[in-house]
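Down below is the structure, laid out as structure tokens.
The values are calculated or read from the model by the stated rules, or taken from the named source; none is laboratory data. For clarity, every value in this text was computed on a predicted model and none was experimentally measured. As a convention, Cβ positions derive from the backbone with ideal geometry for all residues, glycine included, and neighbour counts pool all protein chains shown. The accessibility values were calculated without ligands, DNA or RNA, using every heavy atom of the protein model including side chains. Shrake-Rupley method; radii C 1.70, N 1.55, O 1.52, S 1.80 Å.
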Amino acid sequence: MKPLLCLFSLSIFFLSALADDIRNSPPKDLNGFFPFDPPSTLEEWKKRKADLTLRLQVATGLYPMPPKTPLNAVIHGKITRPGFTVEKVYFESVPGFFVTGLLFRPENSMTKKCPAVLNPHGHGGRLQDHGKSGGKGVLKQIEIGAEKFEESGRMPKIARCATLARLGCVTFLYDMIGYADNLQLSYKLAHQFSKRRSNFERQKDWGLYSAQAEMRMFSIFGLQTWNSIRALDFMESLPDVDPARIAVTGGSGGGTQTILLGALDDRPIASFPNGMVSSSMQGGCTCENASLLRIGTGNVEMTALFAHKPQGMTAADDWTREMLIEGKGFHELKKLYALYGKPEYVICPDLTHFKHNYNYVTRAIMYSWFNRHLKLGHPEPVIEQDFKLLSKEEHEVWNGQHSPPEGGDAYERRLMAQLDERDHRLLENLEEKKKAETMIKAWQTIVGRSMEDALEHNYQIEGNKLTNQSMKEEIELQIPENLPSAPKIVVLLGASAKKSMDQAVKPVLFRQNQDGPTEKVSNSREFAGYTHGYNHSRLARQIHDLLSVIAFLKSKTDQPIEIHAGQGFEAQAIVASYLAGNLINKVIVESSNFRFSQITNHHAPRFLPGAIKYGDLDFLIQTLGKKLKRS
Ligand SMILES: [Zn+2]
């Protein structure tokens, strides 16, 4: 019993000594509060926008942007309805990985250049069906005023695209991963993943959701975002599309994709992300989350990245309800748009008499929005009309002439290896200066702090406690009294570091004394993105502490600083020294054998999303060069 008691009292002491450290609060999850604090000047917003865009690029695995390989698009199986046609489409977003969907074209579209609307769908898929005509589903929708037609109102996503085509827009409704004809990665994998798969958690032949994939920034969310970008490429390539008039709209999970496209791609000129712009729930599915994505941000601020281009959304009786309350979204978006002199370019009508939806009424608001901003020239109001739905044969992309591609476990592993190879080559082939710039930005993002940030923070030392007041973080720190007169400052990490180091600065990094699994949110599904999409990893926090210590020391003395790292602290020392640049003169490590690529469990204390993609410790060691020594 004795050692246990000891440990218990030690941890009580540890927590009480640092009781005000904000990091002792439970980790944030997707149901937290995600306010958008609008900037007071556009200058301020410009800087924030650059940082946030970089975060989204890194989190989706799209930093730097991968090469765009040939789409090899195939369009087939044309059918005609009054006012529009529908064709089946497939193309490769990367070689062998297919995007599938339906292309709606206005009648006679080939005679002119048409505006185009991309339609990512949410859960339910493009084939979402309220139920057969005469069945309860659609009649109930008609009764509450959510739909108008027994036939076309059954399938709201098809109705949306058919109407946009009737309004003169070339419209592409593509499958999210795991839906309809997009089955190379299954629905179960993309949207229902809940248990870590031991046979995918290894250093080679790993799969999605594994620690290896997370440390390379591969996720369903990232793959889906890439598919969305490639869907814009596909639309832009069509002879009847005017590339200067492209818009995007989706609801729910498709709303999330709309937000991301608005943030990451310059081509859309108008947008209607419905049902997901909210300062509360951020998207519950594995397909709506990714490690690093929402640390320090949320859907409202991500939506703001599209400013000042026109974008509409609605508030419904779901997590978007609060958008209408000051401090919770819409007012703040409007303030940002007002800074650009365009407050009328963002709307959020009150449809809180409806549950979560992209129904007839919401669609009517969207048609009108695009009528105005894509200059469709249609008389107002725009009224949706009925049409005969597509049969299974009419909407199925794969058939006897067009065979479905390979999918399943073996394909998943091959796709991961293919993307890993692509990204590795992409970084390796960057010209030296470009590579150095790319890598430092990437590491600052995955760690979540730069040395420059740390130098701007305010610090206070009181006894053995260093407080980073700007971030409300507390660090246990032993510091010698004669600091200003010392010939050099040594920061000693870990008790096992060699030599008698009485005069060293000795920080205790965040949860340094705690082994075992790292902090996690209460979500029972075993996906790193649920925790690490909202919270820094333990290792990142330890690096934050080290940067705080370096910044604090720099404010007290001009002496050169060295870091001596004992066993288990080499990663923290090496990453922090790389980020600190010439503020660190020397790094001495007891061992340099650890690599992030050895980690096969995202609960491991040194797990850091992105670390393998951006060169692992090998790149950092190489960059530190002679500064790094083995003790
Ligand atoms: Zn999903």
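Key figures
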quantity: The lone exception for Gly122 - which of (1) surrounded by 24 or more Cβ atoms within 10 Å (Cβ to Cβ); (2) among the small types (Gly, Ala, Ser); (3) more than 16 Å from the ligand (Cβ to nearest atom) it fails; calculated: (3)
quantity: Matching entry among Pro95, Pro70 (being out of contact with any strand residue (DSSP E or B) (no Cβ under 9 Å at 6 or more places or on another chain) and surrounded by fewer than 22 Cβ atoms within 10 Å (Cβ to Cβ)); calculated: Pro95
quantity: Breaking point among (1) within 16 Å of the ligand (Cβ to nearest atom); (2) surrounded by 19 or more Cβ atoms within 10 Å (Cβ to Cβ), for Phe200; calculated: (1)
quantity: Any pair with Cβ under 8 angstrom, 6 or more apart, that starts in region 591-607 at a residue that is among the basic types (Lys, Arg) and ends at one that is in a loop (DSSP other than H, G, I, E, B); calculated: Arg606/Phe594; Arg606/Ile599
quantity: Residue in region 297-313 that is farther than 22 Å from Pro268 by Cα and either under 19 Å from the mean Cα position of the chain (by Cα) or modelled with pLDDT of 95 or more (or both) present; calculated: yes
quantity: Test for Arg363: is it within 30 Å of Leu118 (Cα to Cα), in contact with a helix residue (DSSP H, G or I) (Cβ under 7 Å, 6 or more places away or on another chain), outside any loop (DSSP other than H, G, I, E, B) and open to solvent by less than 60 Å² (accessible area, probe 1.4 Å); calculated: yes
quantity: Residue that is least open to solvent (accessible area, probe 1.4 Å), among those in region 580-631 that are of a type in the set (D, E, K, R) and modelled with pLDDT under 95; calculated: Glu590
quantity: Considering residues of region 125-143 that are part of a helix (DSSP H, G or I) and open to solvent by less than 30 Å² (accessible area, probe 1.4 Å) only, the residue modelled with the lowest pLDDT; calculated: Gly137
quantity: Among residues of region 272-299, those that are of a type in the set (Val, Ile, Thr), farther than 23 Å from Arg363 by Cβ and more than 16 Å from the ligand (Cβ to nearest atom), counted; calculated: 2
quantity: Asn429, sole failed condition from (1) in contact (Cβ under 8 Å) with a residue 60 or more places away in the chain; (2) exposed (fewer than 15 other Cβ atoms within 10 Å of the Cβ); (3) over 23 Å from Tyr187 (Cα atoms); calculated: (1)
quantity: Residue check for Ile259: within 16 Å of the ligand (Cβ to nearest atom), buried (at least 21 other Cβ atoms within 10 Å of the Cβ), over 25 Å from Ala540 (Cα atoms) and within 11 Å of the chain's Cα centre (by Cα); calculated: yes
quantity: Search result, residues across region 511-537 that are open to solvent by less than 10 Å² (accessible area, probe 1.4 Å) and either without any contact (Cβ under 8 Å) to a residue 24 or more places away in the chain or more than 18 Å from the chain's Cα centre (by Cα) (or both); calculated: none
quantity: Filter pass, Ser470 being farther than 18 Å from Arg511 by Cβ and open to solvent by 60 Å² or more (accessible area, probe 1.4 Å); calculated: no
quantity: From the options Ala162, Ala146, residue that is away from the ligand (no atom under 15 Å from the Cβ), farther than 17 Å from Gly253 by Cβ and crowded, with 24+ Cβ neighbours inside 10 Å; calculated: Ala162
quantity: Single condition Met276 does not satisfy, out of (1) more than 21 Å from Met155 (Cα to Cα); (2) assigned to a loop (DSSP other than H, G, I, E, B); (3) open to solvent by less than 10 Å² (accessible area, probe 1.4 Å); (4) not hydroxyl-bearing (Ser, Thr, Tyr); calculated: (1)
quantity: Identity of the residue in region 293-302, within 11 Å of Leu52 (Cβ to Cβ) and part of a helix (DSSP H, G or I), that ends up least open to solvent (accessible area, probe 1.4 Å); calculated: Met302
quantity: Residue in region 457-476 that is in contact with a Leu (Cβ under 6 Å, 6 or more places away or on another chain), touching a residue at least 40 places away in the same chain (Cβ under 8 Å) and of a type in the set (Asp, Glu) present; calculated: yes
quantity: Failed condition for Arg267, given (1) within 16 Å of the ligand (Cβ to nearest atom); (2) open to solvent by 10 Å² or more (accessible area, probe 1.4 Å); calculated: (1)
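Residue-by-condition table, conditions (1) over 22 Å from Gln460 (Cβ atoms); (2) assigned to a loop (DSSP other than H, G, I, E, B); (3) of a type outside the set (A, V, I, L, M, F, W, C); (4) in contact with a strand residue (DSSP E or B) (Cβ under 8 Å, 6 or more places away or on another chain):
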| position | (1), (2), (3), (4) |
| --- | --- |
| Ile550 | no, no, no, yes |
| Gln559 | no, yes, yes, yes |
| Ile574 | yes, no, no, yes |
| Tyr578 | yes, no, yes, no |
| Asn601 | yes, yes, yes, no |
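Residues checked against (1) more than 27 Å from Asn274 (Cβ to Cβ); (2) within 13 Å of the ligand (Cβ to nearest atom); (3) open to solvent by 10 Å² or more (accessible area, probe 1.4 Å):
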{"residue": "Cys169", "(1), (2), (3)": "no, no, no"}
{"residue": "Asp175", "(1), (2), (3)": "no, yes, no"}
{"residue": "Gly178", "(1), (2), (3)": "no, yes, no"}
{"residue": "His191", "(1), (2), (3)": "no, yes, yes"}
{"residue": "Gly207", "(1), (2), (3)": "yes, no, no"}
{"residue": "Gly222", "(1), (2), (3)": "no, no, no"}
{"residue": "Met235", "(1), (2), (3)": "no, no, no"}
{"residue": "Arg245", "(1), (2), (3)": "no, no, yes"}
